[in-house]
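Here it is, the structure in full.
What follows is calculated from the coordinates using simple rules that are stated; it is not laboratory data. Here the structure is a predicted model, which is why all the values come from computation and not from measurement. Methodologically, a virtual Cβ is constructed for each residue, glycine included, from the backbone with ideal geometry; neighbour enumeration extends over all protein chains shown.
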Amino acid sequence: MNDSAKKTIAALTAAVIVLTVLLGGATAAAVIFAVQRNDATAWFYVDGELYRTVTAKDGKVDCPDVPAVSDTVFDGWYADADHSGSRVSFPADIDGDTAFFARRISAPGTHPDYSAASLAIDGGTVVSDRIKPLHGVNNGPVSGFGIFDEPYADASDYFAEMGVPFVRLHDTEFPFGRDEYVDIHCVFPLFCADAADASNYDFAATDEYVRAIQSAVPDAEIIYRLGESIDHTGDGGHAVMPDDFDQWAKICVEVVRHYLTQFGIRYYEIWNEPDQPSMWDGTIEQYYELYRVTSQALRAEFGDAIEIGGPALATSTVQTIERFLDAVDGCPLDFLSLHAYRGDPSQFASAQYAEFKDMLSAHGYADAMLILDEWNFVSGWDDASLSESYDLICSDKSGAFIAASLIALQNSAIDAAAYYDAQMTGMWCGLYYKPYFDIGNERLAELLAAYADGGADALNSLMRELLAPYADLPLAPLSGMYAMSAYDRLYSMTSPMQLEVTTSGSGLWALAVTDVADGTTGLLVANCSDVGKAVVTHIKGADIDDGTVVAGTVWECSADGATIATTVTDGAAVFDLAPYSFAYFEVTGV
């Protein structure tokens, strides 16, 4: 055996040991029954006594509920009286009369109304050796440039704590400082002017914004969206199809030249959501032409020094992505960008993303990244659903949703992602809070009317008046910021190995990662449901001494994380997760 193989085996052994210290007890091989007869009887024993008998139907039997006992958690049914095998899944196939034995685990202090849920880690099975940069965000840490002499909000410290790996620039400073930042009409105000004349560009405000990002997270990649911010005034604003595609491409070349040479920005996205009327008033075929003209111009000028992508569709399906790939076939495409707003984290683990990767390969773009550069919680797009969605996003419930979604995305074909939104100029930020959200909702009609009547200056003047009483309030972190930070602990490991994790219990999500370099092991667990869970944790592959105390941090609908401790009992660790809460455990070295 060569040294490399020995090191790998030693590292995996260390991972199993560390995870054992972290989370406890082993279970053995699964029990398998062959279906032979229809008249078999199942005996269910609880606390050593016969609790109930159930007659099988077509060789299958379901299990009865077990009465709750204070300070214990029901861990499931086993085929062995000493619970030495694995838990049996129901409905179970049985061949002849069969006994099952309930297992309770002592868990003093466990919430009596929480339902039992299980979490099992296989320390010997590595799922991936890459933790993906999924905790990116849209827009930068400093917001409100156009309102006060000083920024209305500065989240630079939070950006650093989250370790943000990607920052996408879209709807930047919307509506604060509108008509000043990032958008093509902001940096090149007179569309018919000479695109080659540097004096026709105004980069000052956007440069300031980019500097704030790079100061907070110097290693972050910025995705500069070439296009326009969304328009909600109803008249289309600047989010309309350019009159001259060649002129627009020439302008984009100079914008890229500036931000590549001055700031090292490598990623450029051509337009945003051209399938939405509020973003594009032409046909989708006309957008394809804009992409072709612009991508080819950029590649001709900058070669492989930049990454070019799109189309950032609002609705990405096999059909819409196939049409885009057919239309731009042979043109530069270094990343395919998508958007998704969902009401359940499981939807971010969509198998459709793997289909998109296959489609990219079939079109000759096998190396192209798949970037979900807008995502967040939305239960529906009608007014009532959006209002309820904003309430969750802007609360500490958002932390559990973010943690669960990051776990789902890690297990999907998505390569990178950017949460929408990290700036305090919209109702989509579940990372920290300041009263803009409330005021924006309450006075939105007035704000839009001010912009329609007097443009950005009138809008900013009204916002200054409304927000002045709150200007000195500190920016308060929400639990979502800590969910991003916990994920970054896993992402930042030197040699991460994602271990196989299975969960039971609706809404329970878990991600276990061990760092082969130093033996550090981290576990991120989220309960993204309105039912509290007593989580029984097992690990396959090693034993652990009872009495071991494991500590971590839990956020229970609060930005104030609290220490959580659990003692290994009967080979398993049990801890509570309140509704919409998440926890992070970490153990260093062995």
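Give a residue-ordered list of calculated ³J(HN,Hα) values for the range 65-77 (Karplus: 6.51 cos²θ - 1.76 cosθ + 1.60, θ = phi - 60°; whole Hz; x for Gly, Pro).
5, 10, x, 6, 10, 4, 6, 9, 10, 6, 9, x, 9
Continuing with this model, one more query. Across the range 148-158, in residue order, what do the Karplus-derived ³J(HN,Hα) couplings come to in whole Hz, using 6.51 cos²θ - 1.76 cosθ + 1.60 with θ = phi - 60° and x for Gly and Pro?
10, 4, 9, x, 5, 8, 10, 9, 4, 5, 5
Ranked from highest to lowest mean number of other Cβ atoms within 10 Å per residue, what is the order of the peptides 167-173, 448-454?
Answer by packing, highest mean first, reads 167-173, 448-454.
Still on this structure, I have one more. Quick check on packing: order 144-155, 318-329 by the mean number of other C-beta atoms within 10 Å, highest mean leading. Working shown, then result.
Working: 144-155: 20.1, 318-329: 16.0.
Ranked by mean Cβ neighbours within 10 Å, highest first: 144-155, 318-329.
Once you have the Cα-Cα distance between residue 157 and residue 261, take 0.36 nm times their residue separation minus that, and quote the gain in nm to one decimal.
Gain on stretching residue 157 to residue 261: 34.8 nm.
Please check which bits of the range 69-98 a label hung off residue 55 would reach, taking the label as a point 7 Å along Cα-to-C-beta and the cut-off as backbone N under 20 Å.
91-98
Additional query: Using packing as a proxy for protection, rank 114-122, 494-502 so that the peptide with the highest average count of other Cβ atoms within 10 Å comes first.
Ranked from most to least packed, the peptides come out as 114-122, 494-502.
Separate question: What share of Cα pairs, in percent, lie more than 31 angstrom apart in the range 136-487?
Cα-Cα pairs in the range 136-487 separated by more than 31 Å: 30 percent.
At a Förster distance of 51 Å, what's the computed FRET efficiency of residue 551 paired with residue 300, Cβ-Cβ distance as r, to 0.05?
Efficiency at R0 = 51 Å is approximately 0.35.
Now, a different point. Apply the Karplus curve 6.51 cos²θ - 1.76 cosθ + 1.60, θ = phi - 60°, to the phi angles in the range 557-562 and return the couplings in whole Hz, x for Gly and Pro.
Using θ = phi - 60°, the values come out as 6, 8, 7, 8, x, 10 Hz.
For the chain, what is the mean residue ellipticity at 222 nm derived from helices alone (per DSSP H run of n ≥ 4: -39500 (n - 2.57); sum divided by total residues; nearest 500 deg cm²/dmol)?
That calculation yields -9500 deg cm²/dmol at 222 nm.
List the relative contact order of the range 136-487 as a percent without decimals, with contacts defined as Cα pairs under 8 Å and 6+ residues apart. Walk me through the numbers on the way to the answer.
Details: 668 pairs, mean separation 64.8, N = 352.
18 percent.
How many Å³ per residue does the convex hull of the Cα positions in the chain occupy? Let's see the in-between values first.
Values: hull volume 107.6 nm³, N = 590.
About 182 Å³ per residue, rounded to a whole number.
State the Cα centre-to-centre distance between the range 322-348 and the range 365-432 in whole Å.
Here the two parts' Cα centres lie 16 Å apart.
Given H placed on each backbone N at 1.01 Å, which residues far from residue 142 in sequence or on other chains put an amide H within less than 5 Å of it?
Those qualifying (amide H under 5 Å, at least 5 residues apart or on another chain) are 155.
Hey, another quick one. Assuming R0 = 51 Å, can you tell me the calculated FRET efficiency for the pair residue 89 and residue 190, based on Cβ-Cβ distance, to the nearest 0.05? Mind showing how you got there, number by number?
Values: r = 68 Å, r/R0 = 1.33.
Computed FRET efficiency for residue 89 and residue 190: 0.15.
For the range 396-507, what is the per residue volume of the convex hull drawn over the alpha-carbon atoms, in cubic angstrom?
157
Just add up the charged neighbours of residue 109: K/R +1, D/E -1, any other residue whose Cβ is under 12 Å from the Cβ of residue 109.
With Lys, Arg at +1 and Asp, Glu at -1, the neighbours total -2.
Which entries of 397/533; 132/357; 57/533; 397/434; 357/533 show an alpha-carbon separation above 27 angstrom in the structure shown?
On the way: 397/533 15 Å; 132/357 16 Å; 57/533 31 Å; 397/434 16 Å; 357/533 36 Å.
Checking Cα-Cα distances, 57/533; 357/533 exceed 27 Å.
What are the residues whose amide H is under 5 Å from the amide H of residue 51, where those residues sit 5 or more places off or on another chain and H is modelled from the backbone?
The answer is 44, 45, 46.
I need to check one value: relative contact order of the chain, counting alpha carbon pairs closer than 8 Å and at least 6 residues apart, in percent. Walk me through the numbers on the way to the answer.
Working: 1355 pairs, mean separation 116.1, N = 590.
Averaging sequence separation for qualifying contacts and normalising by length gives 20 percent for the chain.
So, one more: Which residues' amide hydrogens lie under 5 Å from the amide hydrogen of residue 188, considering only partners 5 or more residues apart or on another chain, with H built in the peptide plane?
202
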